[in-house]
1. Could you check the stretch 226-260 and list, in sequence order, the residues that are touching a residue at least 24 places away in the same chain (Cβ under 8 Å) and in contact with a strand residue (DSSP E or B) (Cβ under 8 Å, 6 or more places away or on another chain)?
2. Report yes if L323 is over 17 Å from C262 (Cα atoms), under 22 Å from the mean Cα position of the chain (by Cα) and not basic (K, R), otherwise no.
3. Give me the residue from the stretch 273-309 that is within 23 Å of I352 (Cβ to Cβ) and basic (K, R) and, out of that set, least open to solvent (accessible area, probe 1.4 Å).
4. Check off (1) more than 26 Å from Y84 (Cβ to Cβ); (2) in contact with a strand residue (DSSP E or B) (Cβ under 7 Å, 6 or more places away or on another chain) for D172 and give me the number that stays unchecked.
5. Hey, D230 hits all of (1) assigned to a helix (DSSP H, G or I); (2) closer than 19 Å to H86 by Cβ but one; which does it fall short on?
6. For the stretch 179-197, how many residues are hydroxyl-bearing (S, T, Y) and either part of a loop (DSSP other than H, G, I, E, B) or touching a residue at least 60 places away in the same chain (Cβ under 8 Å) (or both)?
Amino acid sequence: MMGSRTLNILILTTMVLAIARTYDDTCSYNMIKHCSTDYDDCVWISEWCDGKTDCADLSDEANCTEYTCPIYQTKCANGYKCLYRHQFCDGDVDCTDGSDEDEAFCQDYKCLDGYMKCRDGQQCIRVDAMCRVDAIRNHCNDGSDMDEEFCKAADCGENARKCDDGAHCVYDFNMCNGFQNCPDESDEALQNCTKDRQCQSGLWKCADGIECIDERFVCDKWRFCSDKSDENPELCTQDRQCPSGYSKCADGIQCIPDGKECTGDSECIDFSDESPEICHNKQPPVVKDLRAIPYQGKIKVFWMWPDFAGSARGYKIIYGKELSSVRHTQDLGPSRIMHIINNLEPYTSYAISVVTYNNMGVGQEVTVKVTTTGV
């Protein structure tokens, strides 16, 4: 559920933070960083090393290769800018080096939950963006999401369903919430929104007996039920019992599914499920789908977030000529899924390995071989 939950929170957070920034000149809120020379100059963490200067002294865009992204963000290949996961392969270039929309990377990129690939196999869009004319959601640059036949054939995924028209998708937690999400209004049709409606696994029924929201949204300090029952003070107490297969966050109130901790994308509103004290003392994860692409005398190296990516304190890339025992090692730090290796000999075969590490040591190496091209 990363895509939908993160997107909803980002929109709400942006509104709240914009107001707070106007009135809070002390930079006391824990999501704000100070510029280095002016204590009253506040910059949100999401604006730090984002490629745009916000500090008068330019400090928010200095030493960005050494900057560690927040746990819910990932760096571009050149190590400068931090992006949210949903910004990779979304059709808009955000990295200054363009690596977030690299053709070779995006061709094999697996879209996040709640997203789907356009016909070009490159771009990911939200499943509820198909065949909709609006300016809120990203659309396919190739126009395929506006092709009715493509929309009807598309799979809405695990957390969404087709509207009655068979072309549009609606997220399960947006059904029967009092807002029209399907163009044919079938998500709010009386026959679909009755008190005997059954919530799908992983969803929680609001007090109205009709609306269902994700179990993880209950008692997370954000109101998702139209009747606000998911944040009822009588419900959200330390005595609250988690359903089977769920465990409490450190606040003792919010529940998240077992096995969702240390994924690199926090489910707990207090981020306790991604605590370094816990995650960095687990077995180092193994990178997935490692690929190396030769390009103008360089090698572009891509991999996907490993399972339990939050357990990785950092990544190391190890490379050398295939027939040589000499190996070079670069510590990339955390929050990486791509890197560019420079200063290589042309038309030479190289062995490249990527490994994670944490307090428990170094994880299992994953290796690929590739031959460089000419400059």
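The values are calculated or read from the model by the stated rules, or taken from the named source; none is laboratory data. What you are looking at is a predicted structure, and each value in this text was computed from that prediction instead of being measured. Cβ atoms come from the backbone with ideal geometry, glycine included; neighbour counts cover every protein chain shown. Each accessible area value is taken on the protein alone, full model and side chains, heavy atoms only, with ligands, DNA and RNA left out. Shrake-Rupley method; radii C 1.70, N 1.55, O 1.52, S 1.80 Å.
1. D230, P243, Y246, C249, Q254, C255, I256, P257
2. Judged against the criteria, L323 is not a match.
3. K300
4. It is condition (1) that D172 fails.
5. (2)
6. Number satisfying all stated conditions: 1.
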